[in-house]
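Undergrad: Take a look at the following structure, please.
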Amino acid sequence: MKRVHSLVLMGFSVALVAAACGKKAPEVAPAPQPNADSIAAAERARADSAAADSARRAQEEAERIARQREADSAAAAAAAAAEVRNMLAAMIHFDFDKAILRPDDQGALDQKVAILNANPDLHIRISGHCDERGSDEYNLALGNRRATAAKNYLVAHGVDASRIETASYGEERPVAMGHDEDSWAQNRRDEFEILSGGDVLRKP
Amino acid sequence: MKVDCRIAGWADGRLLLLAAVLSAHPPIRLSAQDTSAIDRGVRIGIVYRPGVRPGLVVLPGSQAGLDSVRTIVSRDLDYSDRFEVITLPGGDSTSLGPGDPPRATRGPAPGLNYPLYRALGADFAVEARRVGDTTVVVVHDVAASGIRRTFRQVLPALSDPGFRLAVHRLADQVLQATLGAPGFAATRILFVRDGKAYRIDQDGADVKLVSSTDHQAMSPAWAKDGRRFAYMEFTEGHGTLFVQDVATGHRVSVVTTGKSLDFTPAFSPDGKTLAFSRATEEGTDVYTVNMRDNCCLQRLTRGGLWDNLSPTYSPDGQRIAYVSTRPGLPQIYVMGADGTDQQLFAPFDYGVTGSSNAPEWSPDGQSVAFHRDVGGTLQVFVLDVRTRSVRQLTSLGRNEDPTWAPDSRHLAFVSDRSGYRQLWVIDLETGRIRPLLQQSGARLPAWSPRIPEAVSPNP
């Protein structure tokens with residue numbers, strides 16, 4: 001805009017100088033006529049400015065879209081990681097005083113094998129738990145058997161044994177507090193937790 | 001198994017029970033159960049030896065400040081289950097108590113009404129007086145109309161944490177002076193509640209926290225000298241064993257542990273070795289470690305397909321009873337202290353008898369107490385080491401984790417018979433049962449040996 005103004009001013013001052021040289025009665029100076037060149041220049045300037053504007057808007061829009069895409073894909077990755085994490089954390093359950101894997105838990109264990117294979121940095125701990133009916137101290141040994149049973153399955157399906165730690169909490173950490181068959185069944189379980197390498201999880 | 005039992009009769013409101021005669025055969029519940037089960041129509045109570053227990057009276061007195069002493073001594077002697085403790089027919093104590101302090105240490109004491117005590121059924125009378133800052137406890141032999149023994153003791157102040165233990169020691173001295181039997185008044189019981197270890201006096205008083213961290217604790221066990229105890233703590237998926245000094249409260253971790261799941265510690269009688277269970281991916285097995293040099297881890301069992309756990313030493317240190325799942329279900333086994341000669345200890349019927357766990361060898365070496373699954377709940381059993389026969393002690397509710405008093409005739413255990421899990425004490429001779437702690441959630445009790453003099457009352 002500045003450029004436009006100065007062009008107009010320039011034309012105006014040229015007219016003033018011409019009038020002064022006439023040395024005639026100080027008639028009212030004619031209204032300054034903007035010259036065609038300056039108009040074109042102003043037009044050009046206006047067009048230039050509009051082009052710059054739209055270019056900037058386009059760039060901003062592109063950036064916004066890129067950001068959105070990035071956020072979307074981060075969210076998708078987070079969602080995928082959360083899904084993987086949930087799949088990994090899915091507990092398996094046992095019959096009373098048994099440490100034998102149930103056939104219907106094999107799917108869950110196979111999933112864990114796939115996750116461990118897709119995420120080679122992942123290290124996990126399996127902890128075995130018992131219901132309250134058995135002897136308190138014996139349950140530590142039983143929980144240990146339950147954790148080891150799951151580990152053995154994963155190792156037999158190709159997971160490196162050094163990536164899996166085992167632990168037992170016996171009946172010391174129940175998830176269900178009731179004193180009934182339903183609670184006991186929930187408490188006879190293996191838990192799977194991530195020890196390391198779980199920041200970025202790939203879906204198998 | 002044939003069970004033959006007869007109820008002999010009632011005396012004193014107490015049910016007298018004759019020994020149950022067992023002969024080996026299929027496994028019905030065994031012979032002896034606690035008396036509280038009788039009204040449910042379940043077989044027998046404990047093997048009761050009919051006979052008259054000596055009567056004992058703790059004389060009241062007018063001297064101030066001795067009521068606590070009399071109360072504690074009287075309760076301790078009652079809890080020994082060796083006397084009929086006579087409650088004086090209230091009111092006028094001066095006619096029953098000593099008028100003047102007896103001066104002579106032998107012969108009839110003046111001011112004492114021996115014929116009256118005899119008429120009340122007392123064989124012994126216990127009198128407490130104070131002379132200056134000394135508490136004098138006199139044991140009278142009522143039948144002989146004379147003084148049996150006199151104990152003089154400067155007791156700590158009533159507010160002193162050592163007061164109760166000092167009085168418990170006096171009670172043990174009275175028992176020794178009257179019946180020549182060592183008592184267990186000056187003992188404590190460790191237990192776990194809400195993941196923390198506590199101690200309690202054997203008479204149910206003075207519960208104190210002994211855990212020093214917020215980590216979950218399990219399986220406290222005493223050293224036989226009563227100066228240390230061991231227990232397990234969960235840390236990050238591991239089970240670490242600690243040995244804590246009673247007097248200072250200072251604790252050290254057992255050096256070979258910490259990276260594995262170690263649990264159920266048990267001191268050898270000489271205090272040099274700690275046996276324990278270690279769970280690895282190979283299963284659970286019994287190990288020992290040299291306590292004095294903190295070295296020399298030894299593996300006593302190799303289960304492989306089965307687990308071995310919960311070791312307990314015989315008092316001579318030669319053998320270890322433990323749990324093995326070799327027969328499928330856990331049962332009570334025994335081996336040499338070096339791991340040799342592993343064999344079944346408590347007989348069971350394959351496919352019939354339930355899981356057996358938590359063995360503890362009695363201080364006199366004659367018995368091993370444990371619990372066994374009977375029809376889906378746990379009951380306390382005792383194995384006779386010599387005959388290798390077992391008898392069932394409890395039948396009401398769920399009863400587990402028995403631990404021996406130093407007299408080898410009382411057991412503390414966990415029972416939910418009152419509706420919630422708490423600690424109880426049973427006398428195997430009379431079948432008498434008393435609650436030790438009226439708080440729910442107490443478990444894994446460990447009864448101390450007699451607490452040695454030098455140990456301060458503050459672990």
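The values are calculated or read from the model by the stated rules, or taken from the named source; none is laboratory data. All of these numbers come straight from a predicted model, not from anything done at the bench. Note that each Cβ is placed from the backbone with ideal geometry, even for glycine, and that neighbours are counted across all protein chains shown.
Undergrad: Given the structure, is A:T166 assigned to a helix (DSSP H, G or I) and in contact with a Gly (Cβ under 9 Å, 6 or more places away or on another chain)?
TA: On the way: assigned to a helix (DSSP H, G or I): no; in contact with a Gly (Cβ under 9 Å, 6 or more places away or on another chain): yes.
It is false that A:T166 is assigned to a helix (DSSP H, G or I) and in contact with a Gly (Cβ under 9 Å, 6 or more places away or on another chain).
Undergrad: May I pose another question? Would you tally the residues in segment B:235-250 being under 22 Å from B:K208 (Cβ atoms) and either touching an Asp or Glu at 6+ places or on another chain (Cβ under 8 Å) or within 14 Å of chain A (Cβ to nearest Cβ) (or both)? It would help to see each step written out before you state the result.
TA: The initial filter retains those residues of segment B:235-250 that are under 22 Å from B:K208 (Cβ atoms), namely B:241-250.
Retained after the next criterion (residues that are either touching an Asp or Glu at 6+ places or on another chain (Cβ under 8 Å) or within 14 Å of chain A (Cβ to nearest Cβ) (or both)): B:241-242.
Counting residues in segment B:235-250 that are under 22 Å from B:K208 (Cβ atoms) and either touching an Asp or Glu at 6+ places or on another chain (Cβ under 8 Å) or within 14 Å of chain A (Cβ to nearest Cβ) (or both) gives 2.
Undergrad: Turning to a different aspect of this structure: For B:D338, state whether it is within 13 Å of chain A (Cβ to nearest Cβ), over 27 Å from the mean Cα position of the chain (by Cα) and at pLDDT 95 or above. Break it down into steps so the answer makes sense when it comes.
TA: Numbers: within 13 Å of chain A (Cβ to nearest Cβ): no; over 27 Å from the mean Cα position of the chain (by Cα): yes; at pLDDT 95 or above: yes.
Answer is no for this residue.
Undergrad: Touching a Lys or Arg at 6+ places or on another chain (Cβ under 8 Å), in contact (Cβ under 8 Å) with a residue 40 or more places away in the chain and aliphatic (A, V, I, L, M): does that describe A:I124?
TA: The answer is yes for A:I124.
Undergrad: Moving on to the next point. Mind listing whichever residues of segment A:83-97 are in a loop (DSSP other than H, G, I, E, B) and not acidic (D, E)?
TA: Taking segment A:83-97 as the starting set, the residues that turn out to be in a loop (DSSP other than H, G, I, E, B) are A:90-91, A:94-97.
Hits for segment A:83-97 are A:A90, A:M91, A:F94, A:F96.
Undergrad: Oh, and also: Tally up the residues in segment B:308-325 that are more than 14 Å from chain A (Cβ to nearest Cβ) and among the polar types (S, T, N, Q), please.
TA: Residues flagged as more than 14 Å from chain A (Cβ to nearest Cβ) and among the polar types (S, T, N, Q) within segment B:308-325 amount to 2.
Undergrad: Would you please name the residue that is surrounded by the most Cβ atoms within 10 Å (Cβ to Cβ), looking only at residues in segment B:171-209 that are of a type in the set (V, I, T) and touching a Phe, Trp or Tyr at 6+ places or on another chain (Cβ under 6 Å)?
TA: For segment B:171-209, the residue satisfying everything is B:I189.
Undergrad: Determine the pairs where a residue that is farther than 23 Å from A:Q186 by Cβ, located within segment A:74-97, has a partner that is of a type outside the set (F, W, Y) and surrounded by fewer than 16 Cβ atoms within 10 Å (Cβ to Cβ) with Cβ atoms under 6 Å apart, the partner being 6 or more residues away or on another chain.
TA: These pairs meet every condition: A:A80/A:K203; A:V84/A:K203.
Undergrad: Test of understanding: among B:P363, B:P359, which residue is part of a loop (DSSP other than H, G, I, E, B) and either under 24 Å from B:I200 (Cα atoms) or within 13 Å of chain A (Cβ to nearest Cβ) (or both)? Give the steps one after another, and end with the answer.
TA: Values: B:P359 fails: part of a loop (DSSP other than H, G, I, E, B).
Result of the check over B:P363, B:P359: B:P363.
Undergrad: Related question: Give the residues of segment B:136-170 that are more than 28 Å from the chain's Cα centre (by Cα) and crowded, with 20+ Cβ neighbours inside 10 Å, sorted by residue number.
TA: Across segment B:136-170, the qualifying residues are B:H140, B:V142, B:I147.
Undergrad: Listed residues B:E453, B:E400; which is over 13 Å from the mean Cα position of the chain (by Cα), more than 28 Å from A:H179 (Cβ to Cβ) and either within 13 Å of chain A (Cβ to nearest Cβ) or surrounded by fewer than 21 Cβ atoms within 10 Å (Cβ to Cβ) (or both)?
TA: Numbers: B:E400 fails: more than 28 Å from A:H179 (Cβ to Cβ).
Being over 13 Å from the mean Cα position of the chain (by Cα), more than 28 Å from A:H179 (Cβ to Cβ) and either within 13 Å of chain A (Cβ to nearest Cβ) or surrounded by fewer than 21 Cβ atoms within 10 Å (Cβ to Cβ) (or both) holds for just one of B:E453, B:E400, which is B:E453.
Undergrad: I would also like to ask the following. Going by the structure shown, is B:V252 over 24 Å from the mean Cα position of the chain (by Cα) and either assigned to a strand (DSSP E or B) or more than 27 Å from B:S314 (Cβ to Cβ) (or both)?
TA: Numbers: over 24 Å from the mean Cα position of the chain (by Cα): yes; either assigned to a strand (DSSP E or B) or more than 27 Å from B:S314 (Cβ to Cβ) (or both): yes.
It is true that B:V252 is over 24 Å from the mean Cα position of the chain (by Cα) and either assigned to a strand (DSSP E or B) or more than 27 Å from B:S314 (Cβ to Cβ) (or both).
Undergrad: Could you please let me know if B:F263 is within 11 Å of another protein chain (Cβ to nearest Cβ) and outside any loop (DSSP other than H, G, I, E, B)? It would help to see each step written out before you state the result.
TA: On the way: within 11 Å of another protein chain (Cβ to nearest Cβ): yes; outside any loop (DSSP other than H, G, I, E, B): yes.
So B:F263 fits the description; yes.
Undergrad: Condition check: at pLDDT below 90, buried (at least 20 other Cβ atoms within 10 Å of the Cβ) and not aromatic (F, W, Y). Does B:L112 satisfy that? Lay out the reasoning, then the answer.
TA: Details: at pLDDT below 90: yes; buried (at least 20 other Cβ atoms within 10 Å of the Cβ): yes; not aromatic (F, W, Y): yes.
So B:L112 passes the test.
Undergrad: Which condition from (1) within 14 Å of chain B (Cβ to nearest Cβ); (2) loosely packed, with under 13 Cβ neighbours inside 10 Å is the one that A:D97 breaks?
TA: (2)
Undergrad: In segment B:24-78, what count of residues is obtained for those that are at pLDDT 50 or above, more than 24 Å from B:S159 (Cβ to Cβ) and assigned to a helix (DSSP H, G or I)?
TA: Here the count works out to 2.
Undergrad: Please state which one of A:G128, A:G143, A:G134 is in contact with a Cys (Cβ under 8 Å, 6 or more places away or on another chain) and within 14 Å of another protein chain (Cβ to nearest Cβ).
TA: Working: A:G128 fails: in contact with a Cys (Cβ under 8 Å, 6 or more places away or on another chain); A:G134 fails: in contact with a Cys (Cβ under 8 Å, 6 or more places away or on another chain).
Answer to the check: A:G143.
Undergrad: Now for a different question. I'd like the residue in segment A:112-125 that is among the β-branched types (V, I, T) and under 17 Å from A:S196 (Cβ atoms) and, out of all such residues, is nearest to the other protein chains (Cβ to nearest Cβ).
TA: Narrowing segment A:112-125 to residues among the β-branched types (V, I, T): A:113, A:115, A:124.
Cutting the leftovers down to under 17 Å from A:S196 (Cβ atoms) gives us A:115, A:124.
Values: A:I115: 20, A:I124: 11 Å.
Top of the filtered list is A:I124.
Undergrad: Within segment B:273-301, track down each residue that is modelled with pLDDT of 95 or more and assigned to a loop (DSSP other than H, G, I, E, B).
TA: Within segment B:273-301, B:L300, B:T301 meet the criteria.
Undergrad: In segment A:153-171, how many are farther than 16 Å from B:H238 by Cβ and either touching an Asp or Glu at 6+ places or on another chain (Cβ under 6 Å) or facing chain B (nearest Cβ under 8 Å) (or both)? Please lay out each step first, then the result.
TA: Step one: of segment A:153-171, the residues farther than 16 Å from B:H238 by Cβ are A:153-163, A:171.
From the residues that got through so far, the ones that are either touching an Asp or Glu at 6+ places or on another chain (Cβ under 6 Å) or facing chain B (nearest Cβ under 8 Å) (or both) too are A:171.
Matching residues across segment A:153-171 total 1.
Undergrad: On to the next question. Checking the condition of a type outside the set (V, I, T) and over 30 Å from A:N117 (Cα atoms), which residue from A:H157, A:H179 passes?
TA: Values: A:H157 fails: over 30 Å from A:N117 (Cα atoms).
A:H179 is the lone residue from the list that is of a type outside the set (V, I, T) and over 30 Å from A:N117 (Cα atoms).
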